1. Can you find, within segment 129-142, the residue that is modelled with the lowest pLDDT among those that are surrounded by fewer than 15 Cβ atoms within 10 Å (Cβ to Cβ) and farther than 16 Å from R47 by Cα?
2. Kindly list, by first and then second residue, each pair from a residue in segment 250-267 that is more than 16 Å from L278 (Cβ to Cβ) to a residue that is assigned to a loop (DSSP other than H, G, I, E, B), limited to pairs with Cβ atoms under 8 Å and residues at least 6 apart or on different chains.
3. Please give the number of the condition S402 fails out of (1) under 14 Å from N432 (Cβ atoms); (2) buried (at least 20 other Cβ atoms within 10 Å of the Cβ); (3) modelled with pLDDT of 80 or more.
4. Test each condition in (1) modelled with pLDDT under 80; (2) surrounded by 15 or more Cβ atoms within 10 Å (Cβ to Cβ); (3) on the phi > 0 side of the Ramachandran plot for G57 and report the one that comes out false.
5. Determine which single condition M92 fails, assuming it passes every other condition in (1) at pLDDT below 70; (2) part of a loop (DSSP other than H, G, I, E, B); (3) surrounded by 14 or more Cβ atoms within 10 Å (Cβ to Cβ).
6. Note down all Cβ pairs under 9 Å where the first residue falls in segment 425-438 and is crowded, with 16+ Cβ neighbours inside 10 Å, the second is among the aromatic types (F, W, Y), and they're at least six residues apart or on different chains.
7. Just to verify a result, which residue in segment 349-374, among those that are within 35 Å of the chain's Cα centre (by Cα) and of a type in the set (A, V, I, L, M), is surrounded by the fewest Cβ atoms within 10 Å (Cβ to Cβ)?
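The values are calculated or read from the model by the stated rules, or taken from the named source; none is laboratory data. These figures come from a predicted structure and were not determined experimentally. Cβ placement follows ideal geometry from the backbone for every residue including glycine, while neighbour counts extend to all protein chains displayed. In case anyone asks, the SASA skips ligands and DNA or RNA and just uses the protein heavy atoms, side chains included. Shrake-Rupley method; radii C 1.70, N 1.55, O 1.52, S 1.80 Å.
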Amino acid sequence: MGLFWKIFVSFMIAMTVTSVGAIYVSFQLANRPLTQGDFEGRDQIIREMSAAVARGGERELKTWLRDNPRPAPGTVVLVTNERGDELLGRAMPRALALLLRDGTGRRRTDRPPNFRPIQLTPSLIDPRTNEEYQLSFVRLPLTPFGILVWPGTQVAGLTIAIVAAAAMSLLLARYLSAPILRLQKASRALAAGALETRVGKPVTRRGDEVGTLARDFDAMAERLQALVMAKETLLRDVSHELRSPLARIRMALALAERHAGAESQPDLARIEREAERLDALVGQVMTLTRLRTTSEPRRDFVRLDTLVGGVVDDARFEYPDAQVNYVAPGEVLLRGDADGLKSAVENVVRNAHIYGDRSKPIEVVLGVDAGKATIRVLDRGPGVPEAELTRIFEPFYRTDKSRDHRVDGQGIGLAITARVTELHRGTVRAANRAEGGLEIVIELPLDPEPSVG
């Protein structure tokens, strides 16, 4: 059955139940208050009320009524005087009030004095004042919720309508919203890179439009996962195949350098540098491919302050003409993959050296706040256009300024940093500094939950 018909039928059922229930209860309430027949305890109630009238007249009768609001289960006693007023001022069913008035004739002046109408209810006589009191035994309607109380049908009908509408609306809302929320959660997980995410059963078993959408989503997710895995496999295989010819080229270069003259050495040195760059690029591609097909990193105890300090020392050795300042709060311990974390930080620091101004210091700051370790790397380079701050973490993406300014970068380092950070349930972001330069911030939870790729 389609979603439209499910909604239509549900509302039809709700309205039908509401109408039938309200009409049924209205008729029951309209008829039952007039029942004055015998019931268990009726004679005892009359005797007690008679004794109260004999003791103190109307005053004692009112006291007894206040003390016994329900003299029998589900029963109320309404007492009217000769003027037709209920002693405690309680409302009476309209039909019962009319019958009592017509039956007693107290309000009719056009009848002969020797006329006595039919007595509809039992009555009590005050022996001292000869005041007559009419007794009306009214049975309250029995309800499963205990909220439909006499008098009147308005409250009963309204309550039935509210309860039925609320129950049906709750069921309908849950039936419609639960699979949509599950689809929303799955789509967000897929967008975050969890390619194995599926909506799954029981949503996909539904025969309406929501079930069709869930099945289409799962089919789309499977196709996306297959395409991404095929691309990653291709990159891994190509990178692996490039390693062998690169090794042979470097061996041939080494042999050529031995036999070449002095005039050929600069050209051979240039070829060797390009071969080294290509080898580094292949290595980074293989690393990124491995990380993107990994769903769970190693969980070893890592001294993050020592790890970052080692990266800074390596940078100082690799770039002796640059100044790198390192600040750490002391020991910072977390669980993670030491090699992956070192590569992530190293790529950011190297990026700062390549694209920053080497005549000005590079700052590496490690901090701890609110259960997170924060690594900030700040340079004084040209920065990045605001529109491209998030794209620099994509593989092979380079801004125009960086492409013209330096040729050392491969365009993969920051992508590796982003993936390592993601595997450790952290975040990485970039921002331009007000005083000039770029700031890259890596945040890592100190006690991360088990990761899902």
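1. Quick first cut of segment 129-142, residues surrounded by fewer than 15 Cβ atoms within 10 Å (Cβ to Cβ) only: 129-130, 132, 142.
Checking the rest, the ones that are also farther than 16 Å from R47 by Cα come to 129-130, 142.
Numbers: T129: 86, N130: 85, L142: 48.
Across segment 129-142, the extreme among qualifying residues is L142.
2. Matching pairs, first to second residue: none at all.
3. In the conditions (1) under 14 Å from N432 (Cβ atoms); (2) buried (at least 20 other Cβ atoms within 10 Å of the Cβ); (3) modelled with pLDDT of 80 or more, S402 misses (3) alone.
4. (1)
5. Of everything listed in (1) at pLDDT below 70; (2) part of a loop (DSSP other than H, G, I, E, B); (3) surrounded by 14 or more Cβ atoms within 10 Å (Cβ to Cβ), M92 misses just condition (1).
6. Going by the 9 Å Cβ cut-off, the qualifying pairs are V428/F393; A430/F393; L438/Y355.
7. By that ranking, first place goes to A370.
Residues are listed down the side, and each one gets a yes or a no for (1) outside any helix (DSSP H, G or I); (2) open to solvent by 90 Å² or more (accessible area, probe 1.4 Å); (3) at pLDDT below 80:
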residue	(1), (2), (3)
L170	no, yes, yes
V199	yes, no, no
R215	no, yes, no
A219	no, no, no
T233	no, no, yes
R236	no, yes, yes
M251	no, yes, no
Q265	no, no, yes
